[in-house]
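The values are calculated or read from the model by the stated rules, or taken from the named source; none is laboratory data. Computed from a predicted structure; not experimentally measured. Here Cβ is always computed from backbone atoms with ideal geometry, including for glycine, and neighbour counts include all displayed protein chains. Accessible surface areas use protein heavy atoms only, side chains included; no ligands, DNA or RNA. Shrake-Rupley method; radii C 1.70, N 1.55, O 1.52, S 1.80 Å.
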Amino acid sequence: QVQVVESGGDLVQSGGSLRLSCAQSGNSDDILATRWYHQGPGKQRELVATLVRGQMTVYADSVKGRFTIARDNAKNVVYLQMNNLKPEDTGVYYCNVVGPSHEYWGQGTQVTVSS
């Protein structure tokens with residue numbers, strides 16, 4: 001069983017930065033991948049960043065060069081560093097942890113980017 005808790009969402013101006021955190025309980029060796037999803041107002045949830053086995057990263061085209069996903073193994077936390085934020089980045093960001101047989105979701109954290 002893995003518990004996932006996101007934090008770090010806030011109101012920020014366009015061009016600003018935020019760092020989201022995804023705190024993961026349980027055995028990190030069981031985690032195959034961690035993903036960050038973005039759900040804009042009235043839109044479907046979309047995948048923006050993936051960290052595979054704590055090493056390989058994959059990004060959606062919309063965030064390439066602006067967002068960085070990384071893991072702090074000592075703290076068992078995966079971060080999403082978001083730079084040069086745009087109003088279209090507004091929405092709820094969810095952390096998804098993929099284990100050998102289950103996926104786990106956090107409750108989400110709200111990011112609002114004002115123009």
Percentage relative contact order, region 18-69, counting C-alpha pairs under 8 Å, at least six apart: 25 percent
Other-chain or far-sequence residues with amide H under 5 Å of F67's (modelled H): N83
Distance from region 49-73 to region 1-22 (C-alpha centre basis), Å: 14 Å
Average accessible area per residue (Å²) across region 1-98 - probe 1.4 Å, nucleic acids and ligands excluded: 53 Å²
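Once neighbouring chains are kept in place and the probe is 1.4 Å, which whole percent of the accessible area of the chain is contributed by carbon and sulfur? Intermediate values should be presented prior to the final figure.
Values: 2820 of 6200 Å².
In the chain, the share of accessible area belonging to carbon and sulfur is 45 percent.
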Prolate/oblate/rounded label for the chain (Cα gyration tensor, a/c 1.5): prolate
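Which value, in debye to the nearest 20, describes the size of the charge dipole of region 55-107 about its Cα centre when Lys and Arg Cβ atoms bear +1, Asp and Glu Cβ atoms bear -1, and nothing else is charged? Intermediate results must be reported in sequence, preceding the final value.
On the way: 5 positive and 5 negative charges, 33 e Å.
Here the size comes out at about 160 debye.
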Hits among aspartates and glutamates - C-alpha to C-alpha of K75 under 18 Å, sequence gap 8 or more where chains match: E6, D29, D30
Karplus-derived HN-Hα couplings along region 51-67 (A = 6.51, B = -1.76, C = 1.60, θ = phi - 60°), whole Hz, x at Gly and Pro: 10, 9, 6, x, 10, 7, 10, 9, 10, 5, 4, 5, 10, 4, x, 10, 10
Residue of S101, S21, S62 that the Gaussian network model of the chain assigns the largest fluctuation, springs spanning Cα pairs under 10 Å: S101
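Ordered by packing density, taken as the mean number of other Cβ atoms within 10 Å over each peptide's residues, highest first, how do 74-86, 38-50 rank? Before the final figure, lay out the partial values.
Numbers: 74-86: 17.5, 38-50: 15.1.
My ranking of the peptides, most packed first, is 74-86, 38-50.
What's the magnitude of the charge dipole for the chain around its Cα centre, counting Lys and Arg as +1 and Asp and Glu as -1 at the beta-carbon? Answer in Debye, nearest 20. Before the final figure, lay out each step's value.
On the way: 10 positive and 10 negative charges, 38 e Å.
About 180 debye.
If R₀ is 35 angstrom, what is the calculated FRET efficiency for the pair D29 and N84, using the beta carbon separation as r and rounding to 0.05?
On the way: r = 34 Å, r/R0 = 0.99.
E(calc), rounded to 0.05, equals 0.50.
What number, in percent, do you get for the relative contact order of region 1-97 if the mean sequence gap of Cα pairs under 8 Å and at least 6 apart is divided by its residue count? Spell out each step's value before the answer.
On the way: 199 pairs, mean separation 34.6, N = 97.
Contact order relative to length: 36 percent.
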Top positive-direction residue, dipole computed over the chain with Cβ charges, set Q24, Y104, V52: V52
Rough spin-label spacing in nm, given labels placed 7 Å along Cα→Cβ, for V58 and N73: 2.3 nm
